[in-house]
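The values are calculated or read from the model by the stated rules, or taken from the named source; none is laboratory data. Everything quoted here is computed from the prediction, not taken from an experiment. Cβ atoms come from the backbone with ideal geometry, glycine included; neighbour counts cover every protein chain shown. For accessibility, only protein heavy atoms count, side chains too; no ligands or nucleic acids. Shrake-Rupley method; radii C 1.70, N 1.55, O 1.52, S 1.80 Å.
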Amino acid sequence: MQPIMIEDLVRWSGGRLLCGNSKDCVTSVSINSREIAPGSLFVPIVGEKVNAHRFIDSAFKAGAAAVLTQEQDAAQGDKVWIRVDDTLQALQDIAAAYRGLFTIPVVGITGSVGKTSTKEMVAAALSVEKRVMKTAGNFNSQIGLPLTMFQLEKEHQAAVIEMGMSQFGEMSKLSAIARPDYAILTNIGISHIEQLKTQENIRAEKLHIMDQFGEQGTLYLNVDDPLLAEMMGKLPVRTIGYGIKQDCNYQAKQVESDGERTWFSLQGPNGARQMVIPAIGEHHVLNALAAIAVATDLGLSPESIQKGLLCYQNAAMRQQIHRMTHFTLIDDSYNASPDSAKSGLSVLAQVQKTGRKIAVLADMLELGDQSEQAHYQLGQLCAQMGVDLLISVGPRAEAIARGAMEQGVAVEVCASNGEAFAYLKEQLQPGDAILVKGSRGMHTDEIVNDLMLLEKTIFL
């Protein structure tokens, strides 16, 4: 982060300096008193369970140069205290002002699923010719996105920003902070439908990503998604379609995979070209198409884009393929929705040609009234995708088991991760491929971690 003067923090936040030197600077921003570095601005967020104002003293002891507060009206001493009405809003306002210091192209990415993998794909495509700042981990929320913006440095030539939302009004706030010049909408699923009620509402909310577009703003839509295809030609911004199933600006044809990489024929504005990515599954082809479209608009050559795509790696816990000595493990345990579960199953179907295909699927949360049907249909999909053994985890996932069992798939119903692992340990055979997936609240990474340790003992 570039140093920010205290007087600028006061002005950007609409706050009032209670004490301290207005000519001092901060060199980083943190909301966690345990991660304070010397020179930090500590922003104590008032959460549902914890009010971080009680950690202000700890932050100063750790070297914080300044703090925001929405609770104190007076302070004394040489430490900087800034009074604001709301610390979260102040964090967002400061981040938006900091973003305004940079004139580089910013690419925003949203969608029900695939945001992180698309972000990684776009960053990879751009990285050959540009120094890219990208969202770290899942810092894509009302708190995470502002912290992401502070990672911008003078040497950056582009930024790729993941933008997630689950409630009405959130995307407008994120757009005001990140102000993307280019935006990718990956799909419209039913993640968070419990809060947003309909897919049309989800689409409308996500389209607010273009609220801050300038005259050159461009929106990239996955037209294989019917709800996004409907938007082509109906939006007041330059809109580019990408997909596999129908003619569009950037289309992939003749998609083939060897279980490690995927080849496709790119049909784009510059003609046809063979492309290859180090990932499997049509969803990754769609991610690559989005990356190609953005990188092309930013002036990169096809050769540079291809070179960058070959550097792509899945983010942790997102369809990470671990080629163990005796079995293959697909760690897709970060989160789950019907669409992302389908993507995970497609990877399981292609990852190897021999051995059994085992799916360990846990509850998918926040699906509201559609939960029972979505889980049941996922079980039916398991049969269509060639799953040999399904292990369900959790009460909602019992519907997955029922849907799969009715289609002839071997099923084991488990109540916990420990129970699922114990069963899997007894069933594993050399050559098996295992997909592990569930919503974040199900902590299915516990199963992954146990499996990573298991091979050292089970096949001795």
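Any residue at all in the range 362-381 that's under 18 Å from Ala279 (Cα atoms) and out of contact with any Lys or Arg (no Cβ under 6 Å at 6 or more places or on another chain)? No; the residues of the range 362-381 include none that is under 18 Å from Ala279 (Cα atoms) and out of contact with any Lys or Arg (no Cβ under 6 Å at 6 or more places or on another chain). All of Ile184, Ile161, Ile177 fail the test of being crowded, with 23+ Cβ neighbours inside 10 Å, under 29 Å from Glu230 (Cα atoms), more than 17 Å from the chain's Cα centre (by Cα) and not acidic (Asp, Glu), apart from Ile177.
Just one of the listed residues (Ala59, Ala90) is small (Gly, Ala, Ser), in a helix (DSSP H, G or I), under 27 Å from the mean Cα position of the chain (by Cα) and at pLDDT 95 or above, namely Ala90.
If you go through the range 268-286 and keep only what is crowded, with 18+ Cβ neighbours inside 10 Å and more than 21 Å from Asp297 (Cα to Cα), you end up with Ala279, Ile280, Gly281, Glu282, His283.
When each of Ser257, Ser265 is tested for being open to solvent by 30 Å² or more (accessible area, probe 1.4 Å), closer than 25 Å to Val128 by Cβ and polar (S, T, N, Q), the lone residue that passes is Ser257.
Evaluated against (1) under 25 Å from Ser22 (Cβ atoms); (2) at pLDDT 95 or above, Ala123 falls short on exactly one condition, (1). Looking at the range 301-317, can you tell me whether even one residue there is surrounded by fewer than 21 Cβ atoms within 10 Å (Cβ to Cβ), of a type in the set (S, T, N, Q) and touching a Gly at 6+ places or on another chain (Cβ under 6 Å)? For the range 301-317, residues surrounded by fewer than 21 Cβ atoms within 10 Å (Cβ to Cβ), of a type in the set (S, T, N, Q) and touching a Gly at 6+ places or on another chain (Cβ under 6 Å): absent. Answer yes or no: is there a residue in the range 216-225 that is open to solvent by 30 Å² or more (accessible area, probe 1.4 Å), of a type outside the set (D, E, K, R) and either within 30 Å of Glu372 (Cβ to Cβ) or touching a Ser or Thr at 6+ places or on another chain (Cβ under 9 Å) (or both). No - not one qualifying residue is present in the range 216-225. For the criterion of being of a type outside the set (S, T, N, Q), open to solvent by 10 Å² or more (accessible area, probe 1.4 Å) and either in contact with an Asp or Glu (Cβ under 6 Å, 6 or more places away or on another chain) or farther than 29 Å from Thr262 by Cβ (or both), Glu120 fails.
Among (1) charged (D, E, K, R); (2) over 27 Å from Lys154 (Cβ atoms); (3) in a helix (DSSP H, G or I), where does Glu71 come up short? Glu71 satisfies every listed condition except (3). Among the residues of the range 93-115, write down those that are among the β-branched types (Val, Ile, Thr), surrounded by fewer than 24 Cβ atoms within 10 Å (Cβ to Cβ) and not in a loop (DSSP other than H, G, I, E, B). The answer is Val106, and nothing else.
Conditions (1) more than 20 Å from Ala123 (Cα to Cα); (2) touching a residue at least 12 places away in the same chain (Cβ under 8 Å), marked per residue:
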| residue | (1), (2) |
| --- | --- |
| Ile280 | no, yes |
| His283 | no, yes |
| Ala288 | no, yes |
| Leu300 | no, yes |
| Lys307 | no, yes |
| Arg323 | yes, no |
| His326 | yes, yes |
| Asp331 | yes, yes |
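Please verify whether Asp78 is touching a Lys or Arg at 6+ places or on another chain (Cβ under 7 Å) and either open to solvent by 60 Å² or more (accessible area, probe 1.4 Å) or part of a loop (DSSP other than H, G, I, E, B) (or both), treating the condition exactly as stated. In short, no.
Of the residues in the range 397-409, at least one is of a type in the set (A, V, I, L, M, F, W, C), in contact with a strand residue (DSSP E or B) (Cβ under 8 Å, 6 or more places away or on another chain) and open to solvent by 70 Å² or more (accessible area, probe 1.4 Å).
If the condition is being in a loop (DSSP other than H, G, I, E, B) and free of Cβ contacts under 8 Å to residues at least 12 places away in the same chain, then the range 248-262 contributes only Asp258. Where in the range 1-43 are the strands (runs of 3 or more DSSP E), entirely inside, with at least 1 residues that are open to solvent by 40 Å² or more (accessible area, probe 1.4 Å) and at pLDDT 95 or above? In the range 1-43, the matching strands (runs of 3 or more DSSP E) lie at 16-19. Can you find a residue in the range 190-205 that is open to solvent by 10 Å² or more (accessible area, probe 1.4 Å), within 23 Å of Leu101 (Cβ to Cβ), touching a residue at least 24 places away in the same chain (Cβ under 8 Å) and of a type outside the set (S, T, N, Q)? No, there is no match, as no residue in the range 190-205 is open to solvent by 10 Å² or more (accessible area, probe 1.4 Å), within 23 Å of Leu101 (Cβ to Cβ), touching a residue at least 24 places away in the same chain (Cβ under 8 Å) and of a type outside the set (S, T, N, Q).
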